[in-house]
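Remarks on the structure that follows.
What follows is calculated from the coordinates using simple rules that are stated; it is not laboratory data. Quick caveat, the model's predicted, so the values are computed rather than measured. As a convention, Cβ positions derive from the backbone with ideal geometry for all residues, glycine included, and neighbour counts pool all protein chains shown.
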Amino acid sequence: MAEQFRTCPTTGLKVHLPAETLIKVNAVAAVVCLLVGGLAALLILLTRWPAIHLLDEEWFYRLLTAHALDMLIAWIIFFEVAGLYFGSTVLLNNRLPAPKVGWVAFILMVVGGAFINYTVLVGQATVAFTSYVPLKASPLYYLGIILFAVGALTAIGHFFAALVVAKKEKTYEGSLPIVTFGLMCAATIAVFTLLHGAAFYIPTFLWSAGILPHIDPEMYRLAFWALGHASQQINVCAMVAVWYLIATLTTGAKPLNEKLCRTAFLLYVLFINVASEHHLLVDPALSIWHKIVNTSYVMHLAVLASMIHAFAVPAMIEVAQRKKGFTKGLFEWLKKAPWGNPAFASMFISLMGFGFVGGITGVTFGTEQISIIRHNTWSITGHFHGTVVLGTTLAFMGITYYIVPLIFRRQIFSETMAKLSPYFFGGGVFIFANAMMFAGGYGIPRRHWDVTFAGAQFPFQFDPTAFFFLALTGLGGLLAIIGGALYVLNTVASVFIGKKIQ
Amino acid sequence: MSITVERIWWRPLDREEKIWVTIALIWCLGTFFMMPVWHVIAKQNTPNESYKVSVDDFEKIVIAFNEKYKVREESGVPVVHPPAGSDIYLAGTGIWQWSSILELEAGKEYRLHISSIKGGGDVAWQHGFSIVSAKFNANFMIVPGYDYVLKVTPTEAGEYGLICNEFCGIGHHLMAGKIIVKG
Amino acid sequence: MDEQKALSWQALYDNMWGIFALGIIVPTLIYTVWGLIEIATLPQMDVSKAMEALKPAVSQQAVPAAEAASAMAPEAATQAPAH
């Protein structure tokens, strides 16, 4: 067994070599999906910018479907799987009990992802991320999603098995470190998500194959969002775990009160998933009480959890910085924080962006009365780009700057690109998401090829101010895409031609 | 880098932590409390009345409704002027159109039933019922097999755009109609 | 706080399977099961009552010709954008 490990020269942690390989392949797959999703993003952006209106309607809706799946599901879950392997092995000086299972999971996810992208790009699955029945895609599309989900569930099961092994073989003392604990909570949320996914994707697959005669659309909506929104809650939990990791790596910070932080993660586990209700607030069939209890994350208790993390992470950084001597005035600790470190910059912008742009709008849009005025408008799209992109994606980009030297053992190819990327990306998405939200306030719909309604039966015109915000969305989006491109190019270059670290 | 946790990490919160959690908890419970309260004190809330109905039955009703209250046509779409206080019916169709142009009277209440019908197409899709205008936006889901009853009282005369904002296929972005409110 | 009490609380938080079980069961009950029950038990629309109210009334059939004729007459201004 001894040859299966190496000792990290920087951290002193034992790295299980088969686990390390799995971390690498999942991280690479993640970035490939980000690239595909990002290219789609550019083309979609240039289409919804009315002055350019690049794609025709067929390709717009196809790429919109692909963009959502490659980003919300593929990029993020591949990256999270890499994170799960990291948290259950490297952070615990532990081994993966069954690397072959890890490879099965990986292949299932890759094959599933390939089926999904293929069917969507050839036009057999122009159903949007939600594939709301009775919109129907080819059975291969649903099969692709099912395979991807089974692969992810396999990797998650393997993660839990690794935790059991670590405890049995006493590779660590006391409680799990907070990062692994947070990832464990994310994994629990993921099992809820993926089990619900199976529960409706399997019947829907059978329906698309002509075996089942009917799928009830409202039950589908309820079940879909248990996958669709809950998957984003995995991302919240994983993102927060990554914040703790980056805070420690970049400033040496430690959680000030583990009880507080872990309680917050537990509140996530219990209550964060029910906010799938956000999508159902103006649906028939569900009662006001089902809507109120669920959309509020059960009395906003999961929101309390986010507010705890939003306090705890900056607080622990402040304490660590003050210990280093940055004690002048109220904010020297922040001014003298390592802003030139791309991981730190990414983490802090992610925290601020997730909180102020994504999180607050999620909670406010997630009320029935505001949903009446905002449901299915572009405001919703602005909200979730604030959470998933400005929040989770940027945090994941940030930790990459440690994965590359520590796991891939390559130097970052370009320090300049690394330093600029979080600011371009963060700034771009900030503008983009806010502009979308303003546009949605004028009623601009989401998932819509032509808001000028050219060729519609009845002429319709939005308030012209909305078009200013459409253009602003375009500009912010371009800035974000530049930032994203810097990250992808830099990461790919580092992994393949970066200087090897011995 | 040390990532091991202290053996005993369960300990009381510091003063700042206690203050923050207290403020945050009060805020969270307060905003939650407002959710049911708003249903009592506010003038606009999500409706709580809906029924199951077959797609074909709702289409029968819409056709009968359009026939009974039709006053004219615009671009081939019936303009329908129902009596105040009545049950009125509007559907999104499988050919990406709205089933009628409703002509309502300001200050009067109506029971607006919305659902999805085939209307000449093969399938009844999900749609987004989205009223858009300078002064008023409202969005509700149209789900085939479900009748969603909105109690509506138009307050201002004018023409209100009605678009679909739930992706429903290739004709989605052409789905535009209107609701007319007479003073 | 005494060490034993602290360690017992910590043990609860260290209970991976307990957390996992709660994390699956609690939201499944509050969101999924409750929601499915509501959807499944939704009452049927009274279609015949609705159709009854939409039947053309007997008296209305007497007036048809004149009313219908004026209703079909083209309106002068149909595109008035009145915001």
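Take every Cα pair under 8 Å whose residues are at least 6 apart in sequence, average their separation, divide by the length of the stretch A:19-174, and the relative contact order is 29 percent. Ranked by the mean number of other Cβ atoms within 10 Å of their residues, highest first, the peptides A:300-307, A:107-114 come out as A:300-307, A:107-114. Under a Gaussian network description of chain B, with springs only between Cα atoms under 10 Å, the residue in B:147, B:57, B:14 that fluctuates furthest is B:14.
Here A:35, A:351, A:475, A:163 are placed in order of increasing Cβ neighbour count within 10 Å, fewest first, which gives A:475, A:35, A:163, A:351. Pairs from the table (B:70/B:182; A:259/A:291; A:323/A:419; A:335/B:18; A:254/A:323) lying more than 21 angstrom apart at Cα are A:259/A:291; A:323/A:419; A:335/B:18.
In terms of surrounding Cβ atoms within a 10 Å radius of their Cβ, A:367, A:393 rank from fewest to most as A:367, A:393. With the helix formula -39500 (n - 2.57) applied to DSSP H stretches of n ≥ 4, chain B reaches a computed 222 nm mean residue ellipticity of -8000 deg cm²/dmol. Based on the Kirkwood radius over alpha-carbon pairs, what is the Stokes-Einstein translational diffusion coefficient of chain B at 37 °C with 0.692 mPa s viscosity, in µm²/s? The Stokes-Einstein estimate is 172 µm²/s. From least to most packed, judged by other beta carbons within 10 angstrom and beginning with the fewest, A:283, B:122 follow the order B:122, A:283. For chain A, the mean residue ellipticity at 222 nm estimated from helices alone is -22500 deg cm²/dmol, where every DSSP H run of n ≥ 4 contributes -39500 (n - 2.57) and the total is divided by all residues, rounded to the nearest 500. The mean count of C-beta atoms from other chains within 10 Å of the C-beta of residues in B:42-48, rounded to a whole number, is 5.
State whether the protein assembly as shown is rounded, prolate or oblate according to the following rule on the C-alpha gyration tensor (a ≥ b ≥ c being the square roots of its eigenvalues): a/c under 1.5 gives rounded; otherwise a/b larger than b/c gives prolate, and the remaining case gives oblate. Prolate is the answer for the protein assembly as shown, as a/c is 1.5 or above and a/b outweighs b/c.
Run through the DSSP bridge list for the protein assembly as shown and note the antiparallel percent, rounded to the nearest 5.
Numbers: 35 of 48 bridges.
The antiparallel fraction comes to roughly 75 percent.
For the stretch A:60-111 and the stretch A:424-473, what is the separation of their C-alpha centers, rounded to whole Å? That distance is 33 Å.
Measure nothing but the geometry: give the 0 to 90° angle between the long axis through the Cα atoms of A:76-88 and the longest principal axis through the Cα atoms of chain A, rounded to 10°. For A:76-88 against chain A, the angle is about 20 degrees.
If the cut-off is 14 Å between C-alpha atoms, which aspartates and glutamates fall inside it for residue B:108, apart from same-chain ones fewer than 8 positions away? Hits, sequence-local ones excluded: B:87, B:156.
Can you check what the net charge comes to around residue B:51, using other residues whose Cβ is under 10 Å from the Cβ of residue B:51 (Lys, Arg +1; Asp, Glu -1)?
So the environment of residue B:51 carries a net charge of -2.
Under the criterion of Cα pairs below 8 Å and six or more residues apart, the relative contact order for chain A equals 14 percent.
Just subtract the alpha-carbon distance of residue B:86 and residue B:41 from 0.36 nm times their residue separation and send over the number in nm, one decimal. If you can, show how the numbers build up before the last one.
Working: separation 45, 0.36 × 45 = 16.20 nm, distance 2.52 nm.
Extra length available between residue B:86 and residue B:41 comes to 13.7 nm.
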